[in-house]
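Taken together, the values in this text are just the output of simple stated rules run on the coordinates, not laboratory data. All figures in this text were calculated on a predicted structure; none of them were measured in a lab. Positions of Cβ are backbone-derived with ideal geometry, glycine not excepted, and every protein chain shown enters the neighbour counts.
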Amino acid sequence: MKRRQIAQSQSGWREWILAIIILGGFPSVVFATHEADHRFTVEGFVCGADGKSSANIDVLVKDTKISYGQIVKTDGGGYYKASFHLHNDNLGDPLLIEANGQQQQQKVSFDPKDLEAERIIQVNFGTGCIQDRNSVPLWVYLGAGAAVAAVGGFIGLKLTRSWRKQERKRGKTQGKPRSK
């Protein structure tokens with residue numbers, strides 16, 4: 001019984017040591033999830049020549065000045081996102097983003113005085129699937145346009161009927177002599 005407790009105790013310590021090694025080995029990834037003024041995000045879409053989104057594609061995002069990079073995979077819609085733990089002194093650092101054999105050079109850009117807004121850039125690859133993840137979907141605009149057209153048509157129809165009624169009433173009263 002005592003041996004089992006000792007083995008479990010040693011196993012628990014091993015897990016803690018492993019967790020500390022992992023956290024210490026990847027500080028930029030671990031700390032990139034908090035404080036907007038220390039987080040910098042590169043996101044975008046990867047599409048093929050046909051304009052269709054490319055799923056499960058490796059995207060390399062690397063700050064070449066500090067020689068730190070990440071490889072992330074695109075989701076089913078071709079979207080990828082890589083977050084870094086950067087500071088104001090990283091402003092202007094050169095970035096290399098690579099996907100499907102294509103490379104793009106960008107620079108770390110943000111307003112160093114703004115400590116609240118998310119620091120993010122969008123880099124897309126391919127044609128036809130360029131989207132803004134935070135934008136309103138096209139169907140919302142089409143639906144709103146259809147609703148406005150329907151309301152406008154209804155109001156126009158009501159006004160036309162009202163004007164015709166008024167014209168008929170005027171026509172009837174003009175034919176009758178006025179009484180004194």
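At-a-glance table
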read-out: From phi via Karplus (6.51, -1.76, 1.60), per-residue ³J(HN,Hα) for the stretch 159-169 in Hz, x at Gly/Pro; value: 5, 4, 4, 4, 5, 5, 4, 5, 5, 5, 5
read-out: For the stretch 32-122: lysine pairs under 14 Å (alpha-carbon distance), excluding those fewer than 8 apart on one chain; value: 4
read-out: Ranked by how many other beta carbons lie within 10 Å on average, peptides 50-60, 160-170 from highest; value: 50-60, 160-170
read-out: DSSP-defined antiparallel bridges as percent of all bridges, the stretch 32-122, nearest 5; value: 85 percent
read-out: Most to least packed among 73-79, 149-155 [average Cβ atoms within 10 Å]; value: 73-79, 149-155
